[in-house]
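Down below is the structure, laid out as structure tokens.
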Amino acid sequence: MSRQVSRRQFLRGAAFAAAGAAVAACQPQTVIVEKEVEKEVTKVVEVEKEKVVEKVITATPVPKGPITLDLWYRWGSEDGTSKALEASTDAWNERYPDMQVKPLSVPAGGGAMISEKLMTAIISGTAPHIAEIDMFVCPSWAARAAWQDLTPFVEAEGLDVEQEFFLWAADEIRYKGRVFALPIMTDLTALAWNKQLFEEAGLDPDRPPQSNEELLEYADKLDKKEGGRFTRIGFDPTTTVVPWALGYFWLGCKEDPVGDFYDFGAGKCTCNHPRIVEALQWKVDWVNRYGIEELTAFNSAFGWGEIDGMGNGFIGMRILGSWFEGMYQEYFPELEWGIAPAPIPEAYGGQAQGSCMGTEGLAIPRGTGIAESEAAWQYLRWMSGQEAVLAFNKAATNLPPRRDLFDHEWYQSTPQKAAQMKIVPCGFNRPAIAEGELLWTELLAADDKAIHGQGEPQALLDEVARKVDEAMENW
Amino acid sequence: MDTTEHTILTRAQIDYRKRLHRLKWLLGRLSIHLILGLLGISWLVPFFWLVSTSLKVDSQVMRYPPVWIPRPVDWHNYIEAIQAIPFFLYVRNTLIITILSCLGSLLSCPLAAYGFSRFRWPGRDLLFIITLGTMMIPYQVTMIPLFLVFNALKWTNSWLPLIVPSFFGGAFYIFLLRQFFLTIPLELSDAATIDGASEARIFLQILLPLCRPALAVILLFESLSRWTDFLGPLIYLNREDLFTVSIGLQAFVMQRGTTNWALLMAASTLTTLPIVILFIFTQRTFIEGIALTGIKG
Amino acid sequence: MAMLMESKGRRLSGASQSGRRPIYQLFIKRNLLKGLAFTSPWILGLLVFYLYPICASLYYSLTSYSVFTEPEWVGLQNYTSLTLKDEVFKLSVYNSLVYSVMMIPSSIVVGLGMAFLLNTRIRGVSFYRALYFLPVLVPSVASAVLWQWVLNPRVGVINSILASVGIRGPGWLTSPTWSKPSLVLIGLWGAGQAVVIYLAALQDVPTELLDAAEVDGASGIEKIWHISIPMISPAIFFNLIMGMIGAFQVFTLPFVMTGGDGKPAQSLMFYAMYLYRNAFLLLRMGRASAMAWMLTIAVLAATLFVHGTSARWVYYRGR
């Protein structure tokens, strides 16, 4: 028995190594080699498929002895999301005593979507067996062979990721057709408004602005100025409006988009799409309405929790993310507020259809052993399953990447969630390209420069596109 | 010339001059006190703000105009910070790293500095320029290759990468010590050589005692840089039980975000406090020591 | 005294007649061994902790290297694409230069000024010394957090003080124009380390010289300018070089403060930060290594230049 297992292990190991090599070899001059290796991989996988399927179904893939899996996640250990993760993991640990998962909070620093610690750990071979990551950098890191290729597991199980998850989630977990992670939760950004302030300003508290034109009107009524300084801001365009969200408000629905940040057909970065340029100009115009110095000074007095600007009645409308709902429930239970699609010009429909979906998921870093990988995969399936996703969403007031949770009653339990769920099917994901991280940091910088009046949106975005295209030549 | 001028002054004139001189001297003192005092207050403002904020209840933190003296004085931020981070463990870890790398630097650096300053030998100046050059090399250049080396040695997730290099000297301290050695007259060694002393004896018995103040400066700098080191521990230490105070604080900031200012200020105060206390107890040795002993020998 | 003169004379004559006397050859050899013996730990350190990594990094700078995959040779492409095409690279060079130009002179002036004030024999001077040294003890992570709070444009302590006298304070770290001066301000707050070096050097200025000057009727300023400053010129030289290197490589403070992206408007995107970003966020180790190499050469050139001029203005006794 044990001999058979070890032979199996060996073969599986060979499959993984070959798959890793295939990804590692994703360079133009090694295309032929890559194809051969891939054939090789599929062959090995085919041979092993039967046994693997058998294994997966019985869900006891532990060859011998108990396995302990380390998991790193980036939220603070006191965070609600972390508590949800711990709770779901406890349930897992109870059910599978042979595959104990030990979660550890390893916060990412320095604006990185993945912590440098994880990066250095992967290089040094001291990585955890499972890592929680921001899904949009998953392709970048998959291209750099940081993750184990999960495709053999996916195929063995017959899992159809596009069927299981929304398209925006399915797109982000894959790179060049291979699967590298599974999603566990998602958020989006939309317009939020303070109903009490609406009432005060003589506006209908239950009717959010239906277009950019109306947004202007509303903001005029909500703005308040005293002694040359704003004491209340009608619409704050800066908070949580990351360039992605901004662009995706203006690009329609992912099912039938007006455009995107990357054109896979042409292999070109299209973050200078006319709509996206216009969207950035829109933000700049809004910032100029208040003045950037004034706006940053105004916002510097606010922060997360008790000192939130909208919660304390200093901001009438703003763009914010799903996770704020939990904060308002905790710190401002009395606050009356709503969520609506972001306003865009009347000519483009008045209200945004889509939004940028920020998905988080779990991946298995390179270097995780074979037995551990199998156990980790089971854990990934558990955590991306209905029960765990719902628990996460409840803890962090986020949204499900799973299609089968779309009709779940909990997502209709508050008007805010119901409003967001309407946007979910139209959501966008950030392009799954090898230079996703570069595109992200460059867009952030371009956005920051634009609102500080250091460059025109068109020129700034042209430069980003050029830079990304240049970097993409290497892949 | 001056003396002749003095002799023709009358006694009254001398008295007057003396009094004037004394007045000037007093005024000078006073203005120095004034400048130092005013500057000192402004230097302390950030500290005051740090401690004051850390003792505020949340509702007072963002108050405008600001509350200077927290009322009531509220310690819950400190309690929360100590509960959230294993603070004393971090202090212990940092102390171990600090003490061992200080030891390393004190063993290795004077040797090299002596070799660079007290006698000529072929290649000395070239080697010294190279040594100077290493100070200009950005940490980032050596960071990745060194990481791979330490990793191959299985030294990651240990304090070794943070300690061992100091036993091979550092350009900064060698340069500093060399500057001090250069100001000690060569004649001193020459005389000893004539008396038959070996180079090792000259180094150990004459030069080393003379450069005690410089060694104190190095001790201070090394312990400071170790205590506040950020990038090194960040790269090499992943396990929380090995963390130093600095990355412990960084992790805390990352976990809590930069908005709960009162809590962040409490954590920052805790991080700074141990080395401030150490400094208060040793500052006579350090600053006064440097000041009083001097390099005159 | 005569003995000392004699020994010096002997050494000089030995040096002038080199090449012919075999005894001199021996002398050299002995000194070579001695020199190597004293510096051997450091030479080992140089080889392991500097020479090898530098060579490795030079190699990486000529490759496209993402750490996970093997380096792939690309020649000078990293260097050319950085200097010719990369706007952020140019901006980071500009930012670092502007910061250096502001930081280096002001830190020397402030450091020297503080040192002279703290070198007076007045009551409580040790208290003041301790006080000005205090900021040096604050870990940079704590310092970054603290100053973000102190310089908060609305509720920060500095703007509150300014507001109480009717001045509307700037946006400090949130304003592209003020962000670099803010950083200089924080840097000057921590100037105590340089002050210690100046103070140590000032203690070494012979009191006889100062007394003699006083008898000659020199004023305080004259004494400082003509005696103290020349006498502590090695310390100034040292601080100048360290300040230069530090300013070129400024990293931790702006990195922690801006989360690594150098906001606002990339005004705090310094060279070392962009290098770090290339290396660890974008995993372009080749590019980052190329940046590191360019920085190294620039710093080395600037330092050698200052070192070259030092013979003219740095005064060493006993040499």
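The values are calculated or read from the model by the stated rules, or taken from the named source; none is laboratory data. Being a predicted model, the structure only gives us computed values, none of them experimental. Every residue, glycine among them, receives a Cβ derived from its backbone with ideal geometry; neighbour counts consider all protein chains shown.
Which one of C:Gly35, C:Gly45 is assigned to a helix (DSSP H, G or I), within 9 Å of another protein chain (Cβ to nearest Cβ) and touching a Lys or Arg at 6+ places or on another chain (Cβ under 6 Å)? That would be C:Gly35, the only listed residue that is assigned to a helix (DSSP H, G or I), within 9 Å of another protein chain (Cβ to nearest Cβ) and touching a Lys or Arg at 6+ places or on another chain (Cβ under 6 Å).
Note on segment A:396-434: residues that are closer than 25 Å to A:Ala87 by Cα and not in a helix (DSSP H, G or I) total 11.
With respect to the conditions (1) over 25 Å from B:Ile206 (Cβ atoms); (2) at the interface with chain C (Cβ under 10 Å from one of its Cβ atoms), B:Leu176 lacks only one, and its number is (1).
For segment B:156-196, the set of residues classified as free of Cβ contacts under 8 Å to residues at least 60 places away in the same chain and in a loop (DSSP other than H, G, I, E, B) consists of B:Pro185, B:Asp195, B:Gly196, listed by residue number. Of all residues being outside any helix (DSSP H, G or I), of a type in the set (Gly, Ala, Ser) and at the interface with another protein chain (Cβ under 8 Å from one of its Cβ atoms) in segment A:287-311, which is farthest from C:Trp172 (Cα to Cα)? Just the residue, please. Filtering first and then ranking leaves A:Gly303.
The set of residues in segment B:55-89 being at pLDDT 90 or above and of a type in the set (Ser, Thr, Tyr) consists of B:Tyr78 alone.
Could you please find all residues in segment A:312-348 being closer than 30 Å to C:Arg168 by Cβ and more than 12 Å from chain B (Cβ to nearest Cβ)? Don't jump to the end; show me each part of the working.
In the first step, residues of segment A:312-348 are kept if they are closer than 30 Å to C:Arg168 by Cβ; the result is A:312-320.
Within segment A:312-348, A:Gly313, A:Ile315, A:Gly316, A:Met317, A:Arg318, A:Ile319, A:Leu320 qualify.
When C:Ala213 is tested against the conditions (1) among the aliphatic types (A, V, I, L, M); (2) within 14 Å of chain A (Cβ to nearest Cβ); (3) in contact with an Asp or Glu (Cβ under 8 Å, 6 or more places away or on another chain), the lone failure is (2).
Remark: pairs (first residue in segment A:272-291, among the basic types (Lys, Arg); second residue assigned to a helix (DSSP H, G or I) and crowded, with 21+ Cβ neighbours inside 10 Å; Cβ separation under 7 Å; 6+ apart in sequence or on different chains) = A:Lys283/A:Leu246; A:Lys283/A:Ile451. Kindly establish whether C:Gly260 is within 14 Å of chain A (Cβ to nearest Cβ), in contact with a Lys or Arg (Cβ under 7 Å, 6 or more places away or on another chain) and either at pLDDT 85 or above or crowded, with 22+ Cβ neighbours inside 10 Å (or both). The answer is yes for C:Gly260. Taking segment B:4-32 as the range and being modelled with pLDDT under 85, touching a helix residue (DSSP H, G or I) at 6+ places or on another chain (Cβ under 8 Å) and closer than 26 Å to C:Gly113 by Cβ as the test, only B:Gly28 passes. Pairing each residue of segment A:215-236 that is closer than 19 Å to A:Thr189 by Cβ with any residue that is among the charged types (D, E, K, R) and surrounded by 16 or more Cβ atoms within 10 Å (Cβ to Cβ), provided the two are 6+ apart or on different chains, yields C-beta distances under 6 Å for A:Gly234/A:Asp223; A:Asp236/A:Arg318.
Just checking: which of the helices (runs of 4 or more DSSP H) contained wholly in segment A:66-173 hold 1 or more residues that are at pLDDT 90 or above and touching a helix residue (DSSP H, G or I) at 6+ places or on another chain (Cβ under 7 Å)? First the steps, then the outcome.
Values: elements: A:80-95, A:116-124, A:138-143, A:151-157, A:161-164, A:167-172.
The helices (runs of 4 or more DSSP H) meeting that bar are A:80-95, A:138-143, A:151-157, A:161-164, A:167-172.
Of the helices (runs of 4 or more DSSP H) contained entirely in segment C:109-207, those carrying at least 1 residues that are modelled with pLDDT of 85 or more and within 14 Å of chain A (Cβ to nearest Cβ) fall at C:140-150, C:157-164, C:179-189. Scanning segment A:428-442 for residues that are closer than 15 Å to A:Tyr175 by Cβ and not aliphatic (A, V, I, L, M) yields A:Asn429, A:Arg430, A:Pro431, A:Glu435, A:Gly436, A:Glu437.
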